[in-house]
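Visitor: Dumping the structure here so I can ask a few things about it.
What follows is calculated from the coordinates using simple rules that are stated; it is not laboratory data. Please read all numbers here as calculations on a predicted model, not as lab measurements. Quick reminder, even Gly has a Cβ in these numbers, built from the backbone with ideal geometry, and neighbours come from all protein chains shown.
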Amino acid sequence: MSTKTIELDAEAYGALAREKRPGQTFSEVIKLHFGRGASAEELDQLAAELKVSEDTLDAIEAQIRSRQESPATAADL
């Protein structure tokens, strides 16, 4: 794989460094934020790293489903 050298100002470098996790390369951070969408495997890995329980993930999924079935409506004024 080829590489390219880029120049960042201190503010941009700091922003990139704040997003970087242990063991992650700067290239991985950039691809995660600006590349293709995350795969299901990557999302599972992220959930594991965040230590999100299956119960919490199930509750989030249930909430998303309920909102799709009954979307919010504006109040009558």
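Visitor: In Å, what is the Rg of the alpha-carbon atoms in the range 10-69, and how long is Dmax?
Guide: 14.9, 46
Visitor: Next question, about the same structure. Identify all aspartates and glutamates with a Cα-Cα distance to residue 51 below 19 Å; exclude those on the same chain that are fewer than 8 residues away in sequence.
Guide: 19, 41, 42, 61
Visitor: Can I ask one more? Along the charge dipole of the chain, Cβ charges K/R +1 and D/E -1, which of 64, 47, 17 sits furthest on the positive end?
Guide: Of the options given, the answer is 17.
Visitor: Here's a follow-up. Once phi is turned into ³J(HN,Hα) by the Karplus curve 6.51 cos²θ - 1.76 cosθ + 1.60 with θ = phi - 60°, what whole-Hz value does each residue of the range 63-69 show in order, with x for glycine and proline?
Guide: Each residue of the range 63-69 in turn: 5, 4, 4, 5, 6, 5, 6 Hz.
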